[in-house]
Amino acid sequence: MTGIGITHIGLCTPLGNSAESVLTRLLQGDTSAMQWRDDLLFDKSTLVGVVNNNDLLSIPEHLQEFACRNNRLLHTAAMQIKDQVQSAKQRYGAQRIGVILGSSTSGISKGETALRYRAEHGCFPPDYHYSQQELGSTSFYLQQLFELQGPCYTISTACSSSAKVFAAAKRLLQANLCDMVIVGGADSLCQLTLNGFGALESVSAGQCNPFSVNRDGINIGEGAVLFTLEKTPAQVLLVGVGESADAHHVSAPHPQGSGAITAMQQALADANISINDIDYINLHGTATPKNDAMESRAVATLFKDTIPPCSSTKPLVGHLLGAAGAIEAAFCYLILSELNIHQALPPQLWDGQVDPNDPSLPLVAQGQTAKRLDYVMSNSFAFGGSNASVIFARQTIQGQSS
């Protein structure tokens, strides 16, 4: 089996918008993108992962009906792959390039502002369009921006959204319905999601603390990441994807992680590798009591005595919800890339206080490097038991096994 090439990447993240910046800050464990905000939760301040406003590009004039922060994040990432997409249009044709993105917020923050305006003025502001907050508009905006004609849709399965896009794109490419698929995710900070998680008592009082006995909930973040996938050799390959739906509970994961285990098993089978081949796992690691208890059990059950180094990167950028799978896929891409010359791993930032009630995982220490870094796994587990696990590989290794 050969993998699918990740030929280009576009970034708009709390850690920066260039591959070099994001990788450097990721490996340093830089938490400076986490900022306190008092305009999101109704009753208190909260720590969130923020994209610098100065880094955002503006929506073009002819697409102003799509103007919202979510699409500005997306547009900023999209401009980094613009030339490559235009070149692909010349090679393949616009009808052969698809767009599949994950999002859970779309332009909801624009709607929140519009509702406040309506309460004060009795009408919606002239620049507000309901379509700005429709979930499908995220992918449709990118299709319109690049003037593409291939399959185009948004996946919105909460926190697994932009991990599942890799499975959807893989099917389109393997079915010969597309020659390139642009995948990724975009989510922006808004009151709706912050207060929703607040109502569930799932928002941390401070810095999130994955897998600690003292963990008390998530920090939320924002950002956008895009990838172009093609059936061609590339430095980093998508080699396996697993999906499952355990449907245990509308918001709580299966306690023993049955769906998570199934997703990881399917990803390994799809990649045609064993548990011993995985060199690093980017954990979902939300720092909620139930997720971390479930995930530690699922990983320990599947990998047994061969658990590879693991870490949750959410203390650095927050939980990007619908875009979480995409940004963590980007982290995996970057550590597999030639930029990571020392094979360093993203450190686990936490207080080091192990939860005695949960299986202990080999969490990455600051400065830790990998003896081997050929295959990495990224997990995303969502409300409703929607689970996804994605495996990436170095091209040279995959080439040897093909």
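The values are calculated or read from the model by the stated rules, or taken from the named source; none is laboratory data. Every value quoted in this text rests on a predicted model; they were computed, and no experiment measured them. For neighbour counting, all protein chains shown are included, and Cβ atoms are generated from backbone atoms with ideal geometry for every residue, glycine included. Heavy atoms of the whole protein, side chains included, go into the accessibility calculation; ligands, DNA and RNA do not. Shrake-Rupley method; radii C 1.70, N 1.55, O 1.52, S 1.80 Å.
All of LEU63, LEU40 fail the test of being surrounded by fewer than 15 Cβ atoms within 10 Å (Cβ to Cβ) and over 24 Å from GLN348 (Cα atoms), apart from LEU63.
Test GLN353 against the criterion of being more than 18 Å from GLN235 (Cα to Cα) and buried (at least 24 other Cβ atoms within 10 Å of the Cβ), and give yes or no. Give the derivation first.
Working: more than 18 Å from GLN235 (Cα to Cα): yes; buried (at least 24 other Cβ atoms within 10 Å of the Cβ): no.
No.
Got at least one residue in region 61-78 being in contact with a Ser or Thr (Cβ under 7 Å, 6 or more places away or on another chain) and either closer than 30 Å to GLN368 by Cα or among the hydroxyl-bearing types (Ser, Thr, Tyr) (or both)? No, because not a single residue in region 61-78 is in contact with a Ser or Thr (Cβ under 7 Å, 6 or more places away or on another chain) and either closer than 30 Å to GLN368 by Cα or among the hydroxyl-bearing types (Ser, Thr, Tyr) (or both). Against the list (1) open to solvent by less than 20 Å² (accessible area, probe 1.4 Å); (2) over 25 Å from ILE108 (Cβ atoms), the condition ASP179 fails is (1). Residue count for region 247-280 under the criterion of being modelled with pLDDT of 95 or more, small (Gly, Ala, Ser) and open to solvent by 10 Å² or more (accessible area, probe 1.4 Å): the result is 2. Taken together, the residues in region 85-96 that are surrounded by fewer than 18 Cβ atoms within 10 Å (Cβ to Cβ) and closer than 15 Å to GLY5 by Cβ amount to 3.
Residue check: is LEU73 of a type in the set (A, V, I, L, M, F, W, C), open to solvent by 20 Å² or more (accessible area, probe 1.4 Å), in a helix (DSSP H, G or I) and in contact (Cβ under 8 Å) with a residue 24 or more places away in the chain? So LEU73 does not fit the description; no.
Only one residue in VAL99, VAL51 is crowded, with 23+ Cβ neighbours inside 10 Å, at pLDDT 95 or above and out of contact with any Asp or Glu (no Cβ under 7 Å at 6 or more places or on another chain). Which one?
On the way: VAL51 fails: out of contact with any Asp or Glu (no Cβ under 7 Å at 6 or more places or on another chain).
Unique residue meeting the criteria: VAL99.
Evaluating ALA252 against the criteria (1) assigned to a strand (DSSP E or B); (2) more than 27 Å from VAL22 (Cβ to Cβ) leaves one unmet condition, (1). Please determine, by comparing only the residues of region 28-70 that are in contact (Cβ under 8 Å) with a residue 60 or more places away in the chain and part of a strand (DSSP E or B), which one is nearest to LEU226 (Cα to Cα). Among them, the one singled out is GLY49.
For every residue, the table says whether it meets (1) farther than 16 Å from GLY322 by Cα; (2) modelled with pLDDT of 95 or more; (3) open to solvent by 10 Å² or more (accessible area, probe 1.4 Å).
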position: ALA158; (1), (2), (3): no, no, yes
position: SER162; (1), (2), (3): no, yes, no
position: ALA169; (1), (2), (3): yes, yes, no
position: GLN174; (1), (2), (3): yes, yes, yes
position: VAL183; (1), (2), (3): no, yes, no
position: PHE197; (1), (2), (3): no, no, yes
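Scanning region 356-384 for residues being surrounded by fewer than 16 Cβ atoms within 10 Å (Cβ to Cβ) and not in a loop (DSSP other than H, G, I, E, B) gives a total of 1.
Taking the residues in region 102-145 that are part of a loop (DSSP other than H, G, I, E, B), free of Cβ contacts under 8 Å to residues at least 12 places away in the same chain and of a type in the set (A, V, I, L, M, F, W, C) as candidates, determine which candidate is most open to solvent (accessible area, probe 1.4 Å). Here the residue is PHE124. If the condition is being more than 14 Å from the chain's Cα centre (by Cα), surrounded by 18 or more Cβ atoms within 10 Å (Cβ to Cβ) and not in a helix (DSSP H, G or I), then region 1-27 contributes GLY3, ILE4, GLY5, ILE6, THR7, HIS8, GLY16, ASN17. Can you work out which of the residues in region 281-306 that are charged (D, E, K, R) and surrounded by fewer than 16 Cβ atoms within 10 Å (Cβ to Cβ) is farthest from LEU373 (Cα to Cα)? In this case the residue turns out to be LYS290. Look at region 276-304: where a residue is closer than 16 Å to MET377 by Cβ and a partner is of a type in the set (Ser, Thr, Tyr) and surrounded by 23 or more Cβ atoms within 10 Å (Cβ to Cβ), sitting 6+ places away or on another chain with Cβ atoms under 6 Å, you get ASP277/TYR375; ILE278/TYR375; ASP279/TYR375; ASN282/SER378; LEU283/SER312; HIS284/SER380; GLY285/SER312.
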